[in-house]
Structure formats: C-alpha cells, structure tokens
Amino acid sequence: MVQYPETKRGDVVDVYHGTAVPDPYRWLEDMDSPKTLEWVDAQNALTAAHLDSIPRREQIRARFEELWNFPRQSAPMRRGDWYFYTRNDGLQPQPVLYREPVTGGDAQVVLDPNELAADGTIAAMTLSFTKDGSRLAYTLAEAGSDWQTARVLDVTTGEHLPDELHRIKFTTLAWTPAADAFYYARFPEPEEYPDAPPSTHQQVFLHRLGTPQREDELVYSRPDSPDLGFQPFVTDDEELLVLHVWQGTDTRNRLYYRRLGEGGDFVRLLDDFDAKYQLIGHDQGRLYVLTDRAAPHGKVVAIPLDDPAVGNWDEIVPESGDTLEFGAMVGGKLVTGSLRNASHVVAIWELDGTPCGEVDLPALGTVTEFAGKPHHREFFLGFESFVLPPTVLRYVLDTDEVEHMATSSGGVAPEDFVTTQTWAESSDGTAIPIFVTHRADLVPDGGTPTILFGYGGFDIPMTPMYAPDRLGFIEAGGIFAVANLRGGGEYGHDWHAAGMFGNKQNVFDDFVAAGEHLIAAGYTSAANLGIYGRSNGGLLVTACLLQRPELFGAVVGMVPVTDMLRYHRFTAGRYWTAEYGNAEEDPEHFDFLFEYSPLHNVVPADYPPTLITTGDSDDRVVPLHSYKFIAELQSAVGDSGPALLRVDRRAGHGLGKPTAKLIDEAADIYAFFLHHLAT
C-alpha cells in the first residue's frame with residue numbers, strides 16, 4: 001500500500017441552499033502557506049519516486065527529445081516589405097521571431113525570448129506590427145501566467161523603446177495609422193476597486209509612444225457593467241476602431257465601433273448579447289461579420305453601417321452543414337475556414353458571396369494559423385494533422401496555387417501511421433466521432449494499450465493536431481484516440497449547448513461511450529484503456545474516473561477543474577459561469593454541479609492508477625483544484641491506485657511552457673501510462 005503524505009482534514013462546512021457540504025481540505029486553498037508548500041514538496045517527492053522506478057522512463061524521455069527536435073515555423077505575416085514569422089530550430093525553449101525581405105534574402109532575428117530567462121520561462125505572446133513593419137508591440141508572460149507585460153521594439157534599429165505597460169491580459173494591441181500609438185485593454189490595480197472580484201473593470205486605453213502608462217488616454221470603460229471585457233481592432237482600411245466586447249467565456253458577444261480619429265461614444269452596433277459576432281473586416285461602408293445568429297453552424301453577413309437594421313443585412317456565406325470557424329478578407333476576396341467532421345476546409349468567395357472553390361489541403365487536418373491582408377494577393381496557412389508536422393502553406397490568388405513551405409519530417413514518416421474516424425453511440429443515441437491513430441502495421445488485438453483523449457467544452461473543437469509525445473506512444477505500439485464530445489465546437493452552437501450547464505453529464509456519457517466503443521470494436525480492453533485530458537478535459541477525466549472507475553486502466557488529468565462549487569471564486573474562474581453555472585447564486589445550478597463535481601463525489605472504491613498534474617504559477621485553473629482533489633482521492637483509494645500529484649515549478653496553465661518542460665512532463669505522463677496499462 002502506498003504511504004501518502006499526511007493530509008490534515010479540517011471541519012469546514014458550507015451550506016448551499018439548505019445543503020451542508022463539507023470542505024475538509026479548505027486549508028490547501030492557501031497555496032503559498034508554509035504548510036501547503038511543505039505538503040506539495042512531499043507529494044512531489046512521492047510522485048518522483050514512483051516515476052523514477054519506471055524502467056522505461058529515461059528511454060521514453062530520450063525518444064521524445066528526438067521527436068521534438070525538428071524545425072517548425074509559424075505562418076508568415078506580411079507587413080510592408082517584410083515577412084515576419086517565428087521559428088524554433090528544435091529544442092529551443094521558446095520560438096524566435098524573424099523577418100526576411102518579401103523579395104528574398106537572409107532572415108534576421110527580430111526578438112529572441114530565450115535571452116530573457118535562463119530557464120526559458122519567459123514567452124512572447126501577442127505580436128502586433130505597424131502596417132509597414134517598422135515597429136512591434138508585443139507582450140511577455142513569465143512562468144506561464146496569464147498576466148503579461150507589453151513592450152515596444154523599433155524593428156529597424158533593433159532597439160527597445162522605453163514604453164512598458166502592465167496589468168494586461170486577454171487583450172489585443174491595435175496600432176493607429178500614424179504608428180505612434182496603439183489601443184489596448186488593461187485591468188485596474190487591485191487598490192482601485194478593492195471590493196471588486198478579480199479581473200473585472202477592464203478598460204480600453206490609447207498608449208502614445210514615449211509616454212508613461214499613467215498618462216494613457218482612457219478610450220472606453222463600462223463602470224455600469226464591470227464584467228465586460230474588450231479587445232480593440234483597427235480595420236485594415238484604417239477607417240474604424242472596433243471593440244469586440246466579451247463577457248467571460250460566453251460565446252455571445254457585442255460589437256461597438258467609432259470612426260478612427262473621432263472622439264465621443266461608440267456606436268453600439270450589436271449590443272443584444274444574443275449571438276456570436278466575429279469581426280472579419282470593413283469594406284465600402286459595410287462591416288463583414290461571422291455570426292451564429294439564426295444559424296447554429298455559422299454564416300457571414302455584411303451589415304451596412306448607415307442602416308444596420310437586421311432586415312438590411314446581406315447574407316454573404318450561407319449556413320451549411322459545416323461549422324464556420326473564421327473568415328478574412330484577402331485581395332478583394334473572402335476566405336473562410338470551416339469544420340467538416342472535425343477537420344478543416346478552407347474556401348474562397350467573392351465579396352458578394354459567389355463561391356470560388358476550396359483550397360487543396362494536404363490531408364484531413366487542422367488550420368492552426370491564418371495570415372493575410374486585404375491589400376495582398378496571397379495568404380498563408382499553418383496546417384498540421386495527427387501525423388503531419390506543422391507546415392506552412394502559401395496560397396496565391398492570381399494563380400490559385402498552393403505552395404508548401406517550411407515543412408519538416410518531424411522525425412517520423414507519416415505513411416508509417418494511419419488515422420481513421422469511427423463513431424460511438426452515446427447513452428441517448430447521439431453519434432460521437434472518434435479519431436483513432438496507430439502504426440500502419442499494427443493490428444489491434446483487443447488488448448492494445450490505448451489512450452482516449454477528450455475535452456468537451458467552451459465551444460472548442462478537438463481537431464487533428466501534431467504532438468511528438470503522442471507519436472512516441474503510438475510508435476511504441478499504442479493507439480491514440482481523440483473523441484469529439486458535445487460541449488465542444490465541432491458541430492456548431494447546438495452541439496456546444498448540449499454539453500453546457502445541466503447538460504454537462506452528456507459530455508461524460510459521450511466519453512464513456514467512446515471508451516466502451518473502443519473496447520467493443522476490438523481495439524483494447526478496460527485494463528489497457530487510459531484516459532487523458534487537460535483543463536476542462538481534466539474535469540472530464542476526473543468525473544469519468546469517479547463515475548466509471550472499472551472502465552479504465554489508468555488516468556491522467558492535467559490542470560483539472562475539480563471544485564465545481566467554488567471555482568468561480570479564484571482568478572479567471574468567474575469567467576466560466578457562462579459555461580458551468582454558479583452553485584452559490586442559483587439552487588438549480590447547485591444541484592447539477594454538486595451531482596458531478598469531482599471533488600465532491602470521491603467515495604471509497606478501487607480506483608485505477610491516477611496522476612494529476614498542475615503548475616504552481618497557474619493563475620487560470622489554480623492549483624488548489626488539483627491539491628484538494630488528490631487529497632480526497634488519496635483518502636479513498638485504499639490499496640488500489642496509486643493516486644499521485646505532480647506540481648511543476650515556474651509553470652502555469654501550459655501556454656508558453658519551454659520545450660524542456662514540455663518534454664519532461666510528457667515523459668512522465670506517458671511513462672505512467674505505459675507502466676500501468678496492461679501489456
């Protein structure tokens with residue numbers, strides 16, 4: 001029997017709408033206290049000892065390092081006479097920003113974040129160039145935090161300007177036409193609103209170069225609606241300043257605008273908070289917008305600003321069976337990206353909606369990036385699949401040709417692997433797609449080690465993505481499956497809504513059905529089936545672990561949300577009430593949240609081996625979710641398990657994590673799976 005660190009149980013009890021709910025590990029919410037830090041050290045020591053005992057672990061890590069060691073490049077952004085792109089030569093902690101002349105020539109380093117921290121934990125996040133590419137405004141995040149600092153670089157001279165902006169997250173940086181100022185949104189200092197919840201009262205400012213942040217001009221604020229957030233955009237024709245107005249993670253939003261250079265209030269063009277409205281561009285007095293208003297799968301409309309009543313909207317791209325994800329204007333055309341059975345399709349249209357055909361993509365896969373401007377005759381796509389490494393495609397409108405750029409083998413041959421799509425039937429009869437990838441020469445025998453991955457939330461689709469660690473597992477003889485669950489964005493608004501609020505159990509049922517299907521179809525067995533998810537996917541796998549422990553041979557939950565009654569009280573958690581609900585404010589919400597909340601549904605049982613991972617700097621899904629859950633699980637697991645916690649130092653929710661940390665974490669996770677799944 002595993003000897004777990006002693007974890008004191010307290011006597012805290014909360015009452016929700018007449019129901020008493022114990023919270024014995026409330027003390028672990030004080031994540032910086034000496035007691036908590038000592039407990040974390042003990043948990044890490046236990047986990048390290050277990051992982052160190054796995055004979056194949058170092059071999060797995062060495063192979064992962066080989067698989068990660070390949071050059072990869074982002075889609076080029078053209079600004080003026082230059083292409084800008086990021087590139088990682090292989091094992092660099094962070095990608096480096098380069099520029100090279102449009103006419104051809106040597107690449108020049110613009111910004112190398114690897115020079116900023118010896119451990120590689122400072123990452124460049126948002127990049128915003130002036131139209132001519134002479135200046136760059138960008139943000140830096142340290143140790144994986146959502147909070148960022150903005151800096152300004154003179155690209156021509158390579159010198160940083162003195163400008164430095166703080167209290168920034170979840171914003172864009174939008175340059176003025178004169179390139180001497182940019183719009184951004186920031187949060188106030190805590191003392192400005194001492195009684196307000198965290199991350200409220202975001203405001204839009206104009207920062208003029210060479211001036212201190214305290215002198216920035218307030219452009220827009222909504223003290224009457226402190227939960228609103230803002231992302232400023234300057235349209236490519238430099239006529240409008242547009243505000244994308246958001247509220248938490250709700251997919252519905254608002255769009256406001258005013259003429260660039262004019263003062264006064266904004267025109268609240270779309271202010272009913274009734275649908276998704278994604279800005280595409282402005283052309284001759286009409287705003288092109290992607291929306292799911294009266295179109296669950298999405299459509300593109302053109303709104304005349306001089307008479308924007310709904311009856312005057314022109315439908316440019318009608319709703320279809322595919323789910324519309326993005327749109328852009330390039331060279332007098334409209335380019336759209338849609339999901340067809342969870343893989344991307346890219347199409348081109350005239351601005352009046354006349355179809356011009358689809359772009360020939362190399363495989364069933366994912367468009368990870370789009371780069372193109374209305375005044376250019378080309379655009380670039382970042383593209384990848386489960387077995388095709390990140391590649392850059394260049395499409396030239398004048399010739400309708402697709403050029404493959406910046407491709408790499410990634411250390412494996414794509415033809416050595418095969419991906420198929422199969423469907424499971426959920427508890428209510430809904431068909432659930434599953435991507436299944438394995439070696440081409442592998443014949444599943446009903447006992448093949450298999451990992452099932454899922455997410456199922458926030459309108460986020462799970463599409464074919466390249467991951468060196470997954471391929472390492474597949475290369476070793478495993479099967480990797482990705483389930484497209486309700487709650488995600490694969491099939492539009494209704495698919496998402498079927499996994500929200502009181503419908504969340506559908507997501508867990510879908511995932512369980514996917515696991516049962518893999519077993520029934522002869523891929524694997526319960527003893528050989530591992531489940532894996534992160535963030536909302538961590539909620540998914542911990543909930544399924546508790547509901548069906550006999551169905552799985554091993555479980556890994558990364559940065560999971562587990563306390564569904566108190567999640568909204570911490571950092572960005574309040575943004576998620578639009579997805580999950582609020583147990584404190586609504587008794588109906590309490591009922592369905594309490595019914596599945598992982599933290600509150602742990603009972604003594606035989607649980608499969610479980611590894612929970614988090615980062616000590618995670619200020620999105622704070623580590624207390626992992627701490628409290630693993631404490632409950634360790635108290636209930638008995639002789640089964642083990643139930644282990646891995647806490648990464650100077651790491652956050654995952655964004656900007658340096659390559660070495662990614663490899664270390666992946667080696668631990670897949671060593672855990674391969675050790676505990678029967679072979």
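Each value in this text was obtained by applying a stated rule to the coordinates, not by laboratory testing. The model shown is predicted, which means the values in this text are computed figures rather than measured ones. Cβ atoms come from the backbone with ideal geometry, glycine included; neighbour counts cover every protein chain shown.
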Amide proton proximity set for residue 646, modelled H, under 5 Å, gap of 5+: 612, 613, 614
Table column - 3J(HN,Hα) (Hz), region 393-403, Karplus curve with 6.51, -1.76, 1.60, x for Gly and Pro: 10, 10, 10, 9, 5, 5, 10, 6, 9, 10, 10
Förster-model FRET efficiency, 25 Å R0, residue 399 and residue 326, C-beta, rounded to 0.05: 0.60
Fewest-first ranking of 2, 219, using other Cβ atoms within 10 Å as the exposure measure: 2, 219
Residues 31, 558, sorted so that the one with the fewest Cβ neighbours within 10 Å comes first: 31, 558
For residue 126, distant residues with modelled amide H under 5 Å away: 139
Residue order, fewest to most surrounding Cβ atoms within 10 angstrom, among 470, 252, 9: 9, 252, 470
Charge context of residue 161, other residues only, Cβ under 12 angstrom, K/R +1, D/E -1: -2
Environment charge of residue 575, counting only residues whose C-beta is closer than 10 Å and scoring Lys/Arg +1, Asp/Glu -1: -1
Percent of C-alpha pairs per 10 Å bin, the chain, short to long: 3, 14, 25, 28, 20, 9, 1, 0
Calculated from backbone phi, Karplus (6.51, -1.76, 1.60) coupling profile of region 648-655 in Hz, x at Gly/Pro: 8, 7, 6, 9, x, 6, x, 5
Rg followed by Dmax, in Å, when region 463-619 is reduced to its Cα trace: 16.0, 49
Value at 222 nm in deg cm²/dmol, rounded to 500, when DSSP H runs of n ≥ 4 in the chain each add -39,500 (n - 2.57): -5500 deg cm²/dmol
Cα gyration tensor category, rounded, prolate or oblate, for region 527-641 with a/c compared to 1.5: prolate
Overall dimensions of region 322-411 as given by Cα atoms, namely Rg and Dmax in Å: 12.8, 45
Span from the region 350-397 Cα centroid across to the region 1-67 one, whole angstrom: 44
Contact order normalised by residue count of the chain, Cα under 8 Å, 6+ apart, percent: 12
Residues of type lysines that residue 373 reaches as a straight line, Cα spacing below 20 Å, ignoring anything fewer than 8 places off in the same chain: 131, 333
Pairwise centroid distance, computed over Cα atoms, of region 605-620 with region 430-448, Å: 27
Built amide H within the under 5 Å cut-off of residue 230, gap 5+: 246
Potential lengthening between residue 358 and residue 41 on full extension [0.36 nm per residue; Cα-Cα distance subtracted]: 108.7 nm
Given charges at Cβ of Lys, Arg, Asp, Glu: the chain dipole, positive-most of 391, 413, 213: 413
Rounded to whole Hz, the Karplus (6.51, -1.76, 1.60) HN-Hα couplings of region 561-572, x for glycine and proline: 8, 10, 9, 7, 8, 10, 4, 6, 7, 10, 6, 7
Relative contact order [Cα under 8 Å, 6+ residues apart], region 322-411, whole percent: 19
Area projected by the alpha carbon convex hull of region 511-570, averaged over all directions, nm²: 4.1
Reachable lysines from residue 657, criterion Cα separation under 22 angstrom, eight or more residues apart if same chain: 169
Cα centroid separation, region 126-165 to region 536-575 (Å): 36
Degrees between helix 587-596 axis and first principal axis of the chain (Cα, 0 to 90, nearest 10): 60
Farthest toward positive dipole pole in the chain [+1 Lys/Arg, -1 Asp/Glu at C-beta], among 447, 424, 50: 50
Within straight-line cross-link reach of residue 35, lysines at Cα separation under 20 Å, skipping those fewer than 8 residues along the same chain: 8, 628
Rounded tilt (10° steps) of 659-676 against the dominant C-alpha axis of the chain: 30
Test item: Cα-centred dipole of region 322-411, Lys/Arg +1 and Asp/Glu -1 on Cβ, debye: 200
Check: the chain dipole with +1 on Lys, Arg Cβ and -1 on Asp, Glu Cβ, in debye: 800
Cα shape, region 591-679, gyration tensor, a/c 1.5 rule: oblate
